[in-house]
Amino acid sequence: MDEPHLLCRMPSPLGELTLVATEIGLRAVLWPHDEDRVGLPESMVLSRIDPVLNMAARQIGEYFAGERKTFDVPLDLRGTQFQTETWRALAEIPYGATWTYSQQAAHIGRPKAVRAVGAANGRNPVSIVLPCHRVIGADGSLTGFAGGLEAKRHLLVLEGTLKH
């Protein structure tokens, strides 16, 4: 049987976020109307005392307040080897910088896997913490994001990458 999944909800400037964790680490950061993107168990327990959820909520809150640029909350990533490698590479994109999908694909040693990198980013279960919002189109355009393009724009403006 799967270990219990705990959840908490937290306000953000972009709407209520739902954080999901196991005893291993943070499993998901879900945006409003984003319940189906990450495969999670049907039943989860609401928790206000879980250390992983508390750490994640504190760090995300600090990020939105402009006080945090990197995250060190433990993660419980579940996906294929390619997906987890792609997701972990997101943490290497510096705050305030962007990469193209091509740069990310080259970074993981798979320069021809640009579309697959895009698809994996679309399934990133812990957006913000693993900053898929920092990946943009080759022409500089903002492309798909689970929280929506306005949320992606907001995060890039917060980081100083984009002007209002």
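The numbers here are math on the coordinates, done by the rules we state, and not lab data. This is a predicted model, so every value here is computed, not measured. Cβ: placed from backbone, ideal geometry, glycine included. Neighbour counts: every protein chain shown.
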Original post:
Label-point separation (nm) for Arg48 and Arg88, each offset 7 Å from Cα along Cα-to-Cβ?
Top reply: 3.7 nm
**OP:** Would you mind listing how long the chain runs along its three principal axes, going by Cα atoms, in whole Å with the largest first?
**Re:** 43, 36, 26
Subject >> Qualifying trypsin sites (Lys or Arg not before Pro) in region 25-126, DSSP loop, other Cβ atoms within 10 Å at most 16 >> reply: Arg37, Arg48, Arg68, Lys69, Arg78, Lys112, Arg123
Subject >> Among Leu19, Leu149, Leu77, residue whose mean-square fluctuation peaks in a GNM of the chain (springs only between Cα atoms under 10 Å) >> reply: Leu149
Original post:
Most fluctuating residue of His154, His33, His133 in a GNM of the chain with Cα springs under 10 Å: which is it?
Top reply: His33
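Between beta-carbons, use under 14 Å as the cut-off and find the net charge around Thr143, counting Lys and Arg +1, Asp and Glu -1.
Details: positive: Arg115, Arg134, Lys152, Arg153; negative: Asp139, Glu150.
For residues surrounding Thr143, the net value is +2.
Can you tell me the FRET efficiency between Arg153 and Glu3 if r is taken as the Cβ-Cβ distance and R0 is 30 Å, rounded to the nearest 0.05? Could you put the intermediate results ahead of the total?
Details: r = 36 Å, r/R0 = 1.21.
E between Arg153 and Glu3, to the nearest 0.05, is 0.25.
Do the sum for the chain: with -39,500 (n - 2.57) for every DSSP H run of n ≥ 4, divided by all residues, what is the mean residue ellipticity at 222 nm, to the nearest 500 deg cm²/dmol?
On the way: 5 runs with 50 residues, N = 164.
Calculated mean residue ellipticity at 222 nm is -9000 deg cm²/dmol.
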Subject >> Inter-site label distance for Arg58 and Ala106 at 7 Å from Cα along Cβ, in nm >> reply: 3.9 nm
Subject >> Dimensions (Å) - region 51-99, Cα atoms, principal axes, largest first >> reply: 32, 29, 11
